[in-house]
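Reviewing the structure listed below.
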Amino acid sequence: MNFLVNPLLELSEYSGIINSISDSRSVVITGLANSQKAHIAYSICQHSGKRGIYIAFDEFEARKLYEDFYLFLGEDVLFFPLKEITLHDVEAKSRDNDFKRLEILKRIKEGDYRLIVVSVDSLLHKLIPPGLFAESIIELEVGNRIDLLSMQKKLIAMGYERVAVVENKGQFAVRGGIIDIFSVDYNMAVRIELFDDEIDSIREFDPDSQRSVEQLKRIKIIPAREVIYSEDKREAIINSIKTDMNEVLKRAGKEYKALIRENITADIGKLQDNYYFEGIDRYINYIINEPSTLVDYDDDCLVFADESGKLKNRVENIIFEWQES
């Protein structure tokens with residue numbers, strides 16, 4: 001699509017923008033119609049040779065811009081959807097949105113994209129450091145030797161649920177020398193067969209029919225949750241929660257003390273028994289000590305901030321809403 005972007009180089013104002021970006025300077029561009037924003041941002045990425053993250057002032061605007069960018073970039077543009085934070089207990093909820101976000105984080109770390117569109121609402125949610133995300137990915141290849149017990153512990157720490165039979169993404173099962181895993185970025189589950197401690201074969205299979213689909217040489221298993229922590233940090237997390245609970249109880253009125261103690265003690269029990277549970281978002285601050293954002297996952301990309309005044313107002317509103325919650 002060079003015919004859409006190269007004529008811009010004939011404009012001195014546009015050439016000045018590209019030169020400023022090359023010198024790592026911030027640039028303010030005004031006067032663009034909505035239909036021009038994707039065109040200019042795409043052109044700047046093309047001429048600077050960099051990937052980009054485009055921040056929209058709300059989720060609706062982000063989805064519209066994604067459609068505009070898709071005309072230029074096709075599958076190379078990604079939409080990072082809003083995370084649904086659960087501060088209360090729920091019986092069950094769809095995690096498809098969470099899995100999509102995790103798949104995008106993997107693609108960012110691998111440089112497998114040209115531009116990401118995200119709303120400021122989604123951008124503000126805390127992510128684990130990109131280094132921890134990368135370290136948590138399990139890479140397996142036929143012929144590798146693995147410690148089955150260590151692998152099971154790591155899968156649980158990565159947010160996978162151990163089940164008898166794998167049916168959904170984010171689950172794994174172990175039967176003798178066979179490991180079934182449904183990685184959240186795959187459309188099929190994989191079956192790993194061991195000969196002693198060596199990987200003898202890796203096959204994709206349909207979880208519904210349990211029939212093999214394709215032989216694989218290697219696979220990558222990415223985390224099944226955005227908020228993950230290792231087993232050796234669990235005690236420290238629980239102790240921090242207990243310490244803060246005791247401080248809150250000193251200030252709480254008599255009518256609330258029993259309820260606070262009951263609820264938080266119940267959550268501590270869930271952390272001890274189940275590792276993860278719906279409602280763990282209540283304790284993100286205890287789990288993620290060094291929070292990161294989407295921008296941290298690629299430190300060599302261009303950041304486009306759309307409508308800075310609206311972005312500022314939206315951030316202030318989000319903070320107010322969370323304080324009220």
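The values are calculated or read from the model by the stated rules, or taken from the named source; none is laboratory data. Remember, it's a predicted structure, so these values are computed and weren't measured experimentally. Neighbour counts run over all protein chains shown; Cβ positions are idealised from the backbone, glycine included. Calculation scope for accessible area: heavy atoms of the full protein, side chains included, ligands and nucleic acids excluded. Shrake-Rupley method; radii C 1.70, N 1.55, O 1.52, S 1.80 Å.
One table, with the values for the structure above:
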| item | result |
| --- | --- |
| Extended-chain gain in nm, criterion 0.36 nm per residue less alpha-carbon gap, Asn19 and Asn289 | 93.4 nm |
| Relative contact order (percent, whole number), the chain, Cα cutoff 8 Å, 6+ residue spacing | 22 percent |
| Fraction of accessible area attributable to carbon and sulfur, the chain (%, probe 1.4 Å) | 48 percent |
| Among the listed pairs Lys64/Lys217; Lys106/Lys233; Lys242/Lys310; Lys50/Lys312; Lys126/Lys169; Lys169/Lys257, those beyond 31 Å (Cα-Cα) | Lys64/Lys217; Lys242/Lys310; Lys169/Lys257 |
| Label-point separation, Arg203 to Lys217 (7 Å along Cα→Cβ), nm | 2.0 nm |
| Amide hydrogen neighbours beyond the local backbone of Phe79, cut-off 5 Å, H modeled | Val117 |
| Cα-only Debye scattering, segment 61-165: base-10 log of I(q)/I(0) at q = 0.12, 0.18, 0.19 Å⁻¹ | -0.57, -1.08, -1.14 |
| Estimated FRET transfer efficiency when R0 is 41 angstrom, pair Ile85-Ser26 (beta carbons, to 0.05) | 0.85 |
| Probe 1.4 Å, protein heavy atoms only - accessible area per residue of the chain in square angstrom | 55 Å² |
| Gained length - Leu259 relative to Asp244, 0.36 nm times residue gap less alpha-carbon distance | 3.9 nm |
| Peptide ranges 183-191, 275-283, 297-305 listed from the most packed, as the mean C-beta count within 10 angstrom indicates | 183-191, 275-283, 297-305 |
| Rg(Cα) / (2.2 N^0.38 Å) computed for the chain, rounded to two decimals | 1.17 |
| Rh (Kirkwood; distinct C-alpha pairs) - segment 260-325, Å | 15.4 Å |
| Stretch gain in nm, segment Gln272-Ser230, where the contour uses 0.36 nm per residue and the Cα spacing is subtracted | 13.8 nm |
| Projected label distance in nm at Ala252 and Glu103, using a 7 Å step from Cα toward the beta-carbon | 4.1 nm |
| Centroid-to-centroid separation of segment 284-314 and segment 197-275 [C-alpha atoms, Å] | 25 Å |
| Cut-off under 5 Å, modelled amide H: who pairs with Ile53 long-range | Ile116, Leu302, Val303, Phe304 |
| Cα-based helix-to-principal-axis angle, 34-48 vs the chain, degrees rounded to 10 | 80 degrees |
| Protection proxy ranking of 309-317, 40-48, 158-166 - average other beta-carbon atoms within 10 Å, highest first | 40-48, 158-166, 309-317 |
| In degrees, nearest ten, helix 12-22 long axis to first principal axis of the chain (Cα) | 30 degrees |
| Against the rule of thumb 2.2 N^0.38 Å, how large the Cα Rg of segment 159-234 comes out | 1.12 |
| Cα gyration tensor shape for segment 194-267, rounded if a/c is under 1.5, else prolate or oblate | prolate |
| Once the Cα gyration tensor of segment 113-270 is diagonalised, semi-axes √(5λ) in Å | 38, 20, 15 |
| Segment 204-325 - percent relative contact order, Cα under 8 Å, separation 6 or more | 19 percent |
| Helix 148-157 vs. the chain, principal-axis angle (Cα, 0 to 90°, nearest 10) | 60 degrees |
